[in-house]
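Report on the following structure.
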Amino acid sequence: MAKAKSRYLCNECGAESPKWAGRCPDCGAWNSLVEAPQTSAPGGRFAGYAGAGGGRGEVADLTEVGVAETPRSPSGIGELDRVLGGGLVAGSVILLGGDPGIGKSTLLLQTAAALGGSRRVLYVTGEESPQQVALRARRLGVGGEGVRLLAETRVESILEACVRERPQVLVVDSIQTVFTEAVSSAPGSVSQVRESAAQLVRHAKASGTALFLVGHVTKEGQLAGPRVLEHMVDTVLYFEGDPGSRFRVVRAVKNRFGAANELGVFAMTDRGLRPVSNPSAIFLSRHEAPVPGSVVMVTREGTRPLLVEVQALVDASPLGNPRRVVVGLEQNRLAMLLAVLARHGGVPMHDQDVFVNVVGGVRVGETGADLAVILAVLSSFRDRPLERGLVVFGEVGLAGEIRPVPSGEERLREAAKHGFTRVILPRANAPKRPPKGLEVVAVSRLQEALAAL
Ligand code: TYD
Ligand code: MG
């Protein structure tokens, strides 16, 4: 009799290898390989995935492939539609990740209720009892008409229920609690999460069901379980931001049907998540008078410009190795900017602790924040506030040059809309006709920007 072949999966990255090793050959993590039973190849059981060529291996000319707009149905929650790229796509799979208690179940229950009126929705709860879900629905003040509820963690039973109910929207809360009989390991383990998700995804693709999967996030800030989940789905949404704050930011980390990095902003109220339609207003703290170390910048996340406040605190360090702490920005970027400031601005920081924070718990991933960070650091170091009504954006290069960023005009319009009166920006971003009421200071070197203050 042929011996059943084993395979090994990495707990960190989900890579597969034929034999065990102390270190994952793919991602280099130690002690992360676990044995997984051999399962049939994907597609073997569900041969009818009609989404791509009907599974018959037909080849077509790229030019002949129809490019009809993907039909989208709005979820009824504006900010969610924005991160999804305009609405739900049939057969698409959306992974919603975030820290415990940040509002994943709340958002999906609200979405399910909003959709329930017009389409068949099946909400599978693996973490909470139906009573708990019903209690939350009551608290949210949603009727829940048209939302079918199933408390189940066995994938095979979930799929059977899907065959009976034929939902158009399926929510599985959460992927870590479900298990499939095809794999013998415990729920939440890598091979379980991977195989269960694969079965649900295959069902979604084959039946055209829009599938929401809830995923937990580990302490390191990654989705628990293998990273392969991110590859299997069409869209990855993350709740980010500070759980202590009232505001919740949902970011599209990946989206096959829309712009990546799109942000949706919500406020957590006692009746659930409310969309915030003018998020610029909430990321600016209202200081009575200008304070040192605070600079307002215009960032552009996804397709929307956003005004955010960057704060810096610079203080003489008692340590031989001064501290550099950033929240909401990239750590290495700060080290680089401080070096540029020392070399091209003539302001050394080697004996100063530097703390930088983006107000409101939003993460700024783009380089357009560079100039704001440098000016905030300098303002705190000199203990001199910047003028009221000033807004900045621009990338800073290692040679001390100020480089342009995308969508300059859009950023200017956002600044003018919120009553800012003066903007420092890269020369290449300077508009021919500045918006009314906005004085434009175009700079091409760091020294010019510092002189403009
Ligand atoms: P929940 O959606 O259960 O989080 P997750 O599924 O991501 O773990 O969110 C629970 C938190 O939200 C909890 O701390 C209470 C808070 N909350 C409100 O503030 N208002 C509400 O209307 C609801 C339903 C929850
Ligand atoms: Mg939950």
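Does Leu273 qualify as being in the same structural domain as Ala113 (by TED's automatic domain parsing), modelled with pLDDT under 95, part of a strand (DSSP E or B) and not charged (D, E, K, R)?
The answer is yes for Leu273.
Given (1) within 13 Å of ligand 2 (Cβ to nearest atom); (2) modelled with pLDDT under 90, where does Glu145 come up short, assuming only one miss?
(1)
Within 13 Å of ligand 2 (Cβ to nearest atom), touching a residue at least 40 places away in the same chain (Cβ under 8 Å) and among the small types (Gly, Ala, Ser): is that true of Ser105 in this structure?
yes
Looking at (1) at pLDDT below 90; (2) farther than 16 Å from Glu240 by Cβ, which is the only condition Gly101 fails?
(2)
Against the conditions (1) within 14 Å of ligand 2 (Cβ to nearest atom); (2) modelled with pLDDT of 95 or more, where does Thr177 fall short? Just the number, please.
(2)
Filtering region 68-102 down to residues that are over 17 Å from the mean Cα position of the chain (by Cα) and without any contact (Cβ under 8 Å) to a residue 24 or more places away in the chain, which residue is farthest from ligand 2 (Cβ to nearest atom)?
For region 68-102, the residue satisfying everything is Ala68.
Against the condition in a helix (DSSP H, G or I), touching a strand residue (DSSP E or B) at 6+ places or on another chain (Cβ under 6 Å) and buried (at least 17 other Cβ atoms within 10 Å of the Cβ), how does Leu378 come out, does it pass?
no
State all residues of region 313-339 that are under 24 Å from Phe283 (Cβ atoms) and among the small types (Gly, Ala, Ser); if no residue qualifies, say none.
Matches in region 313-339: Gly328 only.
Being assigned to a helix (DSSP H, G or I) and among the β-branched types (Val, Ile, Thr) is the filter; apply it to region 81-138 and report the residue that is nearest to Arg256 (Cα to Cα).
Val83
Residues in region 122-130: is at least one more than 16 Å from ligand 2 (Cβ to nearest atom) and modelled with pLDDT of 95 or more?
yes
For region 431-453, check the following and say yes or no: at least one residue is assigned to a helix (DSSP H, G or I), basic (Lys, Arg) and open to solvent by 80 Å² or more (accessible area, probe 1.4 Å).
No.
Among Leu273, Leu329, which is surrounded by 14 or more Cβ atoms within 10 Å (Cβ to Cβ) and more than 23 Å from Gly103 (Cα to Cα)?
Result: Leu329 is the single residue among Leu273, Leu329 that is surrounded by 14 or more Cβ atoms within 10 Å (Cβ to Cβ) and more than 23 Å from Gly103 (Cα to Cα).
Just to be sure I understand the filter: pairs with C-beta atoms under 8 Å, separated by 6 or more residues or on different chains, first member in region 151-170 and surrounded by fewer than 16 Cβ atoms within 10 Å (Cβ to Cβ), second member of a type in the set (Gly, Ala, Ser) and part of a helix (DSSP H, G or I). Which pairs pass?
Pairs that qualify, where the first residue is surrounded by fewer than 16 Cβ atoms within 10 Å (Cβ to Cβ) and the partner is of a type in the set (Gly, Ala, Ser) and part of a helix (DSSP H, G or I), are Arg166/Ser207.
Mind listing whichever residues of region 108-118 are away from ligand 2 (no atom under 16 Å from the Cβ) and buried (at least 17 other Cβ atoms within 10 Å of the Cβ)?
Result: Ala114, Leu115, Gly116.
So which residues in region 419-430 are open to solvent by 50 Å² or more (accessible area, probe 1.4 Å), out of contact with any Ser or Thr (no Cβ under 6 Å at 6 or more places or on another chain) and under 21 Å from Val373 (Cα atoms)?
Passing the criteria: Thr421, Ala428.
Which of the residues belonging to region 271-294 are free of Cβ contacts under 8 Å to residues at least 12 places away in the same chain and either closer than 16 Å to Val362 by Cβ or among the hydrophobic types (A, V, I, L, M, F, W, C) (or both)?
Asn278
The values are calculated or read from the model by the stated rules, or taken from the named source; none is laboratory data. Quantities reported herein were computed from a predicted structural model and do not represent experimental measurements. Glycine gets a Cβ as well: all are built from the backbone with ideal geometry, and neighbour counts include every protein chain shown. In case anyone asks, the SASA skips ligands and DNA or RNA and just uses the protein heavy atoms, side chains included. Shrake-Rupley method; radii C 1.70, N 1.55, O 1.52, S 1.80 Å.
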